[in-house]
Amino acid sequence: MLLSARKICRSFGDNQVLFDVDLDLQAGEVHALLGENGAGKSTLVKILAGYLRPTSGEVLLEGSQRHYRASDEAEADGVVMIHQELALAEQLSVEENIFLGRELRRGLFLDRRAMRERSREALAELETDVDPRARVKDLSTSDQQMVEIAKAITRDVRVLIMDEPTATLTENEVKVLFALIARLRQRGVAILYISHKLREIEQIADRVTVLRDGHLVDSGPMAGRSKEELARLMVGREINEMYPPLTHLPADAPVVLEAREFLVPGAVKQASFTLRRGEVLGFGGVVGAGRTALLEAVLGIRAKSAGQVLRNGQPVVLRHLRDAVRHRIAYLTEDRKGKGLVLNMDLRSNVTLLNLRAHCHPLIDRRREEHAFQEAIQRFDIRLRTAARTAAELSGGNQQKLLLAKVMSIDPEIVIINEPTRGIDVGTKHQIYHFIHELTEAGRSVILISSEMGELIGLSHRVAVMCAGVLTGVLEGEQINEQEIMQYASGIKGVGVDEQRYG
Amino acid sequence: MSSVMANNKTTNKAANPTARQKGFAIDLKTWGPFVALVVLALLGVLINPAFLGLDNLSNMLTRSAFIGIIAIGATFVITAGGLDLSVGAMAAFIAGVMIILMNSLVEQFGAGLTTVLFGIGASLLLGLCAGFINGIVTTKGKIEAFIVTLGTMGIYRSLVTYLADGGTLTLDWAVRDIYRPVYYGSFLGITIPVWVFFFVAVIGYILLNYTRFGRYCFAIGSNEKVAEYSAIHVDRIKTMTYMLQGVCVALATIIYVPRLGSASGATGVLWELEAIAAVIIGGTMLKGGHGRIWGTVVGAIMLTMIGNILNLTDAISNYLNGTVQGIIIIVAVYLQRASWRKTGA
């Protein structure tokens with residue numbers, strides 16, 4: 001056994017998050033760690049990687065007990081963790097980041113050439129074309145992820161812990177990552193892999209461990225365990241009907257929102273769409289196809305060079321998100337930490353921030369605000385199991401519900417939802433899907449941007465697909481299937497294909 | 001719509017008592033500046049019982065009013081993630097223009113109330129405009145506040161020196177007689193500057209804690225992107241904080257001018273740093289997102305109190321005022337950070 005955890009317990013104050021958890025990692029295996037948000041996965045891996053110390057229990061490396069006081073001690077043993085939130089120095093170059101804190105030196109000076117060479121090798125192994133001299137700030141999120149991984153493999157890594165590595169990667173990058181994981185496994189590296197995506201885990205994991213509410217509920221080989229069974233173990237109850245039935249859409253349902261001929265510099269070349277009352281319009285495409293840019297331009301958050309918006313058939317001008325709010329259009333951003341919630345602000349103020357004027361006459365009425373907050377907790381099932389004071393202290397799923405509560409505070413008729421289930425556990429996903437269903441049942445309309453094919457297919461009445469800034473097509477009925485969406489998303493089929501091929 | 005999401009009410013109820021308990025540790029942080037003020041006051045009494053004399057207290061509060069009023073404006077700017085280094089120079093410039101204007105109006109209106117009111121009006125207008133310039137250049141020009149206000153600081157400072165032709169601008173004696181009570185007068189036994197300080201603080205408190213503007217300042221200072229995605233007009237709110245700061249500077253100048261009746265290139269030197277120090281001692285975070293008006297008031301009083309105590313004792317030279325202030329600023333912030341960490345916020 002390469003790395004083992006024995007009877008690990010961990011508490012934060014009065015709040016115990018891990019109860020006697022055991023975990024065994026063998027050399028050359030991919031071990032998946034599953035659990036809902038708040039199940040204790042992150043706490044457990046932080047203990048293994050030396051970021052946290054257990055309240056009781058022990059960590060063993062090849063049978064000998066280790067007491068890591070800091071992550072660098074674990075790294076010295078070859079136990080390296082890649083963070084969910086990327087931990088890179090944005091203003092430094094890729095190679096400077098890769099060797100940050102363990103720079104190669106020649107005498108007193110940095111050996112830049114050697115560092116660049118080794119960075120280049122590591123990046124080449126990842127089959128990425130990231131330039132070692134590029135500044136990290138200028139890279140896409142997925143490239144930054146690759147840098148994190150490169151950073152890990154330039155160390156003499158024996159145990160690699162990956163916390164949700166594919167959350168921000170494109171499909172192709174995921175393939176490259178999986179190929180790399182396979183190579184690392186052959187080299188005898190043990191990989192502990194945290195993900196919510198059961199399909200991925202089915203694909204790459206040798207063994208699997210499931211946590212629920214800080215307890216170990218299952219551990220064993222992946223072979224013979226089905227996705228459905230694992231989902232049930234994580235949630236602790238049967239998840240039937242992951243996707244609720246589609247709301248019936250009357251043939252004469254009026255168009256509530258129309259976007260015509262949108263052009264966004266550097267992102268969208270050509271896009272028009274309509275949205276009807278009670279409809280879920282999905283937006284498919286790869287990361288960077290321009291879906292977010294298009295909808296943010298429609299909302300007035302991003303500058304456009306052309307394009308017209310019609311609300312209930314009337315042309316409207318949306319220059320600022322406030323204008324969109326006035327027209328009862330709400331936007332749920334995909335980046336809940338960077339754009340959605342004020343992390344160091346209390347929960348109540350976060351919920352009321354978008355619609356603060358409803359609580360002002362003219363001074364803020366704190367009691368009414370509190371009332372609205374308590375209502376939101378009930379309505380959106382926000383669980384305050386830990387004594388969370390600020391939004392930062394909530395788990396990912398609860399943050400998402402808090403954000404949902406904030407967005408819904410304006411009582412919108414149209415809700416634009418961007419990647420609502422990124423990094424979220426099965427149980428909360430299920431709740432969000434049903435919430436979208438309830439919205440449409442109540443005659444609201446939803447635009448759903450998602451990179452998860454299942455979501456798009458399961459929830460949408462129609463799916464608009466984008467490829468390289470062009471809205472290539474809108475699929476309906478039988479056309480909505482994985483293969484068709486992929487063909488439009490890759491530009492094999494649809495509008496603007498010719499220009500792309502020959503232009 | 002509530003059926004699906006609200007399927008787990010029990011967990012919520014259990015959570016509330018623990019949430020309350022945690023508030024206590026935070027309270028110590030809230031009251032920190034006040035505790036420090038009391039400790040400093042006790043020290044003052046021990047050193048010299050005259051410290052508690054009404055005259056001394058009144059004098060001290062009156063002196064702290066200038067910095068205090070400016071610092072209340074600075075609390076908004078800093079809470080919203082900005083910084084204004086130009087306030088001291090702005091005060092000097094406004095004072096200079098006020099004096100020139102009032103002197104020139106004497107011929108027309110005589111040395112009467114009208115002349116003084118014109119001066120006061122001009123001061124407020126100038127403050128508002130100066131703040132607007134700082135705000136609009138920072139937000140629309142997307143230049144860091146530090147750089148913009150460093151620039152305007154130099155501009156105002158040199159303008160006042162130019163207006164005074166390198167010397168001193170002096171207010172007409174007759175006007176000064178009329179204007180005098182604004183600094184030296186009192187109402188209900190409390191001097192006018194202290195009243196102004198008090199009202200600015202109360203209004204500031206309400207603005208920061210009970211209006212949308214205040215809440216938006218917190219949101220912008222914490223994360224501008226989030227504020228933008230919360231349909232807040234970020235640039236507008238930020239510009240408004242600078243304008244509010246300008247008005248505060250104007251108010252401070254209005255009560256400052258009758259004190260000496262003059263302005264020169266040396267007026268208001270280092271006021272910006274004292275104002276920022278008062279804000280920081282009061283528990284507002286320099287990086288934004290967290291601000292406290294009463295803390296700022298306490299901070300401004302503490303800074304003046306240090307000078308006052310040093311005046312009352314021979315143990316430490318008065319020339320070391322800056323040293324003691326500096327140490328207290330650093331210690332105050334250190335203590336705040338320490339308690340910050342403990343509560344895990």
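The values are calculated or read from the model by the stated rules, or taken from the named source; none is laboratory data. If you're wondering where the values come from, they're calculated on a predicted model, not measured in any experiment. Note: ideal-geometry Cβ built from the backbone for every residue, glycine included; neighbour counts use all protein chains shown.
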Subject >> Hey, A:Arg326 over 26 Å from the mean Cα position of the chain (by Cα), among the charged types (D, E, K, R) and either closer than 20 Å to A:Pro420 by Cα or within 11 Å of another protein chain (Cβ to nearest Cβ) (or both) or not >> reply: yes
Original post:
Of all the residues that make up region A:279-296, how many are touching a strand residue (DSSP E or B) at 6+ places or on another chain (Cβ under 7 Å) and away from every other protein chain (no Cβ under 14 Å)?
Top reply: 12
Original post:
When you scan region B:172-213, how many residues do you find that are touching a residue at least 24 places away in the same chain (Cβ under 8 Å), under 22 Å from the mean Cα position of the chain (by Cα) and part of a helix (DSSP H, G or I)?
Top reply: 16
Original post:
With respect to the numbered conditions (1) farther than 25 Å from B:Ala92 by Cα; (2) of a type outside the set (Gly, Ala, Ser); (3) free of Cβ contacts under 8 Å to residues at least 60 places away in the same chain; (4) buried (at least 19 other Cβ atoms within 10 Å of the Cβ), which one is the sole condition not fulfilled by B:Ile309?
Top reply: (3)
Subject >> Complete set of residues in region A:205-232 that are touching a helix residue (DSSP H, G or I) at 6+ places or on another chain (Cβ under 6 Å) and farther than 25 Å from A:Ile8 by Cβ >> reply: A:Lys227
Original post:
Looking at (1) free of Cβ contacts under 8 Å to residues at least 60 places away in the same chain; (2) within 24 Å of A:Gly427 (Cα to Cα); (3) in contact with a Gly (Cβ under 7 Å, 6 or more places away or on another chain), which is the one condition that is false for A:Asp323?
Top reply: (2)
**OP:** Within region A:188-207, count every residue that is more than 14 Å from A:Met162 (Cα to Cα) and either at pLDDT 85 or above or acidic (Asp, Glu) (or both).
**Re:** 5
**OP:** Being aliphatic (A, V, I, L, M) and buried (at least 24 other Cβ atoms within 10 Å of the Cβ) is the filter; apply it to region B:253-275 and report the residue that is nearest to B:Phe93 (Cα to Cα).
**Re:** B:Ala263
**OP:** For region A:125-143, name all the residues that are under 17 Å from A:Arg155 (Cβ atoms) and either modelled with pLDDT under 85 or in a helix (DSSP H, G or I) (or both).
**Re:** A:Glu125, A:Leu126
Original post:
Mind checking which residues of region B:214-227 are part of a helix (DSSP H, G or I) and either of a type in the set (S, T, N, Q) or within 30 Å of B:Arg259 (Cβ to Cβ) (or both)?
Top reply: B:Ser222
Subject >> Entirely in region A:417-494, the strands (runs of 3 or more DSSP E) that have 1 or more residues that are in contact with a Phe, Trp or Tyr (Cβ under 8 Å, 6 or more places away or on another chain) and either farther than 18 Å from A:Val287 by Cβ or of a type in the set (Phe, Trp, Tyr) (or both) >> reply: A:470-476
Original post:
closer than 25 Å to A:Lys269 by Cβ and either crowded, with 23+ Cβ neighbours inside 10 Å or modelled with pLDDT of 85 or more (or both): does that describe A:Val495?
Top reply: no
Original post:
Here are some conditions: (1) surrounded by 15 or more Cβ atoms within 10 Å (Cβ to Cβ); (2) over 20 Å from B:Ser264 (Cα atoms). B:Lys140 meets all but one. Which one does it not meet?
Top reply: (1)
Original post:
With respect to B:Met102, is the statement that it is farther than 24 Å from B:Ile280 by Cα and surrounded by 24 or more Cβ atoms within 10 Å (Cβ to Cβ) true?
Top reply: yes
**OP:** Please enumerate the residues belonging to region A:402-445 that are among the hydroxyl-bearing types (Ser, Thr, Tyr) and over 29 Å from A:Gly236 (Cα atoms).
**Re:** A:Ser409, A:Ser445
Subject >> strands (runs of 3 or more DSSP E) contained in region A:49-117 and holding at least 2 residues modelled with pLDDT under 85 and not assigned by TED's automatic domain parsing to the domain that holds A:Leu25 >> reply: none
Original post:
Out of (1) under 22 Å from the mean Cα position of the chain (by Cα); (2) more than 7 Å from chain B (Cβ to nearest Cβ), what's the single condition that is false for A:Lys339?
Top reply: (2)
**OP:** Look at B:Ala263 and say whether it is aliphatic (A, V, I, L, M), within 14 Å of the chain's Cα centre (by Cα), farther than 30 Å from A:Ala391 by Cβ and more than 14 Å from chain A (Cβ to nearest Cβ).
**Re:** no
**OP:** Please name all residue pairs, on different chains or six or more residues apart, with Cβ atoms under 9 Å, provided the first residue is in region A:103-125 and is over 22 Å from A:Asp143 (Cα atoms) and the second residue is among the aromatic types (Phe, Trp, Tyr).
**Re:** A:Leu110/A:Phe99
Original post:
within 14 Å of another protein chain (Cβ to nearest Cβ), surrounded by fewer than 20 Cβ atoms within 10 Å (Cβ to Cβ), touching a residue at least 12 places away in the same chain (Cβ under 8 Å) and not aliphatic (A, V, I, L, M), is that true of A:Glu452?
Top reply: no
Original post:
Since A:Pro315 meets every condition but one in (1) surrounded by 16 or more Cβ atoms within 10 Å (Cβ to Cβ); (2) more than 9 Å from chain B (Cβ to nearest Cβ); (3) at pLDDT 90 or above, which condition does it not meet?
Top reply: (1)
Subject >> Subset of region A:385-401 (residues that are surrounded by fewer than 24 Cβ atoms within 10 Å (Cβ to Cβ), within 12 Å of another protein chain (Cβ to nearest Cβ) and in contact (Cβ under 8 Å) with a residue 24 or more places away in the chain) >> reply: A:Arg385, A:Thr386, A:Ala387, A:Ala388, A:Arg389, A:Thr390, A:Ala392
Original post:
How about region A:173-272: which strands (runs of 3 or more DSSP E) wholly inside it have at least 3 residues that are outside the structural domain of A:Lys7 (by TED's automatic domain parsing)?
Top reply: A:255-264
Original post:
Does at least one position in region B:192-205 carry a residue that is of a type in the set (Gly, Ala, Ser) and within 30 Å of B:Glu224 (Cβ to Cβ)?
Top reply: yes
Original post:
For residues in region A:75-95 being in contact (Cβ under 8 Å) with a residue 12 or more places away in the chain and over 27 Å from the mean Cα position of the chain (by Cα), which is farthest from A:His196 (Cα to Cα)?
Top reply: A:Asp77
Original post:
Taking region B:284-298, which residues are farther than 16 Å from B:Phe198 by Cβ, away from chain A (no Cβ under 14 Å) and either in contact with a Leu (Cβ under 6 Å, 6 or more places away or on another chain) or not hydrophobic (A, V, I, L, M, F, W, C) (or both)?
Top reply: B:Arg292
Original post:
Would a scan of region B:317-327 turn up a residue that is under 14 Å from the mean Cα position of the chain (by Cα) and of a type in the set (Ser, Thr, Tyr)?
Top reply: no
Original post:
How about region A:348-368: which of its residues are more than 10 Å from chain B (Cβ to nearest Cβ) and either in contact (Cβ under 8 Å) with a residue 12 or more places away in the chain or loosely packed, with under 14 Cβ neighbours inside 10 Å (or both)?
Top reply: A:Arg348, A:Val351, A:Ala358, A:His361, A:Arg367
